[in-house]
Amino acid sequence: LKLETLLFLKIMLESHGAATLQPHVEVVCPVLVACISEEWYKIVAEALRVVRVLMGVIRPREEGAEMFSASDFDFAEHVDPLYEAVQPRLAAHDIDQEIKEAAIAAMGALISTAGDELEDELPTVLPLLHERLRNEITRMPALRALGEIASSPLDVDLQCILAPVTKELAAFLRQQSRALKQ
């Protein structure tokens, strides 16, 4: 039932406007945090996917613009609990592949959307994303997450990982993987 509810919640967040859903974020966030702490990998992975979509509701971008929409909604109070729930899943080494990929995507969305609220956490989380980039199994999700962060209108400071990630990316271009080169 939890899994079906998370699937429904994700579809609802994707298909409705942010202004319509923002009044309900206070109810949704604690439930998502609890689901991320669950034991069953399917629930954890889906909750992490919902976090990724929820970030677009918490702080939506303007249509066709590279700016966030002006809103009276206070998104900042929800960022820390979501970060505290996602970060241990991102840092864990011995977890299910589905959870790893979903945690990487969720953290990418968190930083690209609310990196200005997480400035103190960047020196901790960016090296974790770099580590995931070096792992062949988590390389593509980490590459997508770093791309999302780099293209964020927040101009997130990537200086702590910029040099090693650039070297890593240059090495990827020499590999035979077409998906990686693209």
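The values are calculated or read from the model by the stated rules, or taken from the named source; none is laboratory data. If you're wondering where the values come from, they're calculated on a predicted model, not measured in any experiment. Note that each Cβ is placed from the backbone with ideal geometry, even for glycine, and that neighbours are counted across all protein chains shown. Note: areas computed on protein heavy atoms with side chains; ligands, DNA, RNA excluded. Shrake-Rupley method; radii C 1.70, N 1.55, O 1.52, S 1.80 Å.
Tabulated data for the structure shown
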quantity	calculated
Verdict on Glu168 being open to solvent by 50 Å² or more (accessible area, probe 1.4 Å) and touching a Lys or Arg at 6+ places or on another chain (Cβ under 8 Å)	no
Filtered residue count, the stretch 112-144, keeping only those that are among the aliphatic types (A, V, I, L, M), within 25 Å of Lys42 (Cβ to Cβ) and either touching a Ser or Thr at 6+ places or on another chain (Cβ under 8 Å) or open to solvent by 10 Å² or more (accessible area, probe 1.4 Å) (or both)	4
Candidate set from the stretch 95-106 (those that are over 13 Å from the mean Cα position of the chain (by Cα) and part of a helix (DSSP H, G or I)); member that is surrounded by the most Cβ atoms within 10 Å (Cβ to Cβ)	Glu98
Filter pass, Leu154 being of a type in the set (A, V, I, L, M, F, W, C), surrounded by 13 or more Cβ atoms within 10 Å (Cβ to Cβ) and in contact with a strand residue (DSSP E or B) (Cβ under 9 Å, 6 or more places away or on another chain)	yes
Matching entry among Ala109, Ala179 (being in contact with a helix residue (DSSP H, G or I) (Cβ under 6 Å, 6 or more places away or on another chain) and either of a type outside the set (Ser, Thr, Tyr) or over 21 Å from Val53 (Cβ atoms) (or both))	Ala109
Conditions (1) in contact with a Pro (Cβ under 8 Å, 6 or more places away or on another chain); (2) in a helix (DSSP H, G or I); number of the one not met by Ser71	(2)
Residue list for the stretch 25-60, restricted to those being open to solvent by 20 Å² or more (accessible area, probe 1.4 Å), of a type outside the set (Lys, Arg) and under 21 Å from Gly115 (Cβ atoms)	Val33, Val53, Gly56, Pro60
Yes/no for Ala109 being at pLDDT 90 or above and crowded, with 21+ Cβ neighbours inside 10 Å	yes
Residue that is small (Gly, Ala, Ser) and farther than 23 Å from Glu26 by Cβ, where the choices are Ser152, Ser112	Ser152
